[in-house]
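Derivation of every value follows stated rules applied to the coordinates shown; laboratory data play no part. Since we're looking at a predicted model, the values are computed, not measured. Backbone-built Cβ (ideal geometry, glycine too); neighbour counts: all protein chains shown.
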Amino acid sequence: MLKIYALVAFIMIIGGLGYGAKYYYDTTQNTIATLRDNNAKLEVAVDTAQASVETLQGDMKKLGQLNKSLQQDLQKAEAYGDELRAKLSNLDLVVEALKSSKSLEGKMNGATANLWRDFMDDTGGNAERPLPSWLQSVPTGTGDQSSNQDGKGSDSNSSSAKTTPAE
């Protein structure tokens, strides 16, 4: 009988070892499958991150170029502003207005008309459209066309404005 008990104990030990080996094999295979899935996800994440970095580097180059261009435009605008300030400092508008108000009015209307056209161009409007009624005048042949140097129109004629003579 002892042999039977020893045989049963031996079979149980072998069965336990077999079951332990199978359990170890199954858990190892599950771990390997999980690691494989995680590795695939990480590879996709790395590819996405690398593409993002490349895109950001390209954007930084473009921003650098645009910034440089804007800086040059700013310098040009500042130089133009300095030029205008110098011209304005040389003008005595009060004396000119007293001497020839029609001439000054024509210059101002011409400059306003040009600015209005530029605003319309910059905002996508049609600069060929007629100017607002407050800038339009009746062309009678008098007045000064002055600042409309590019010949875009005769909207700077100041003859329709009513002025009172200076006393």
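Overview of results
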quantity	calculated
Of ILE4, TYR25, ALA51, farthest towards positive along the dipole that unit charges on Lys, Arg, Asp, Glu beta carbons give the stretch 1-79	ILE4
Stokes-Einstein D (µm²/s) once Rh is taken as the Kirkwood radius of the stretch 2-90 over alpha-carbon pairs, at 20 °C in 1.002 mPa s	103
Rg in Å to one decimal, and Dmax rounded to a whole Å, for the stretch 1-51 via C-alpha atoms	21.9, 75
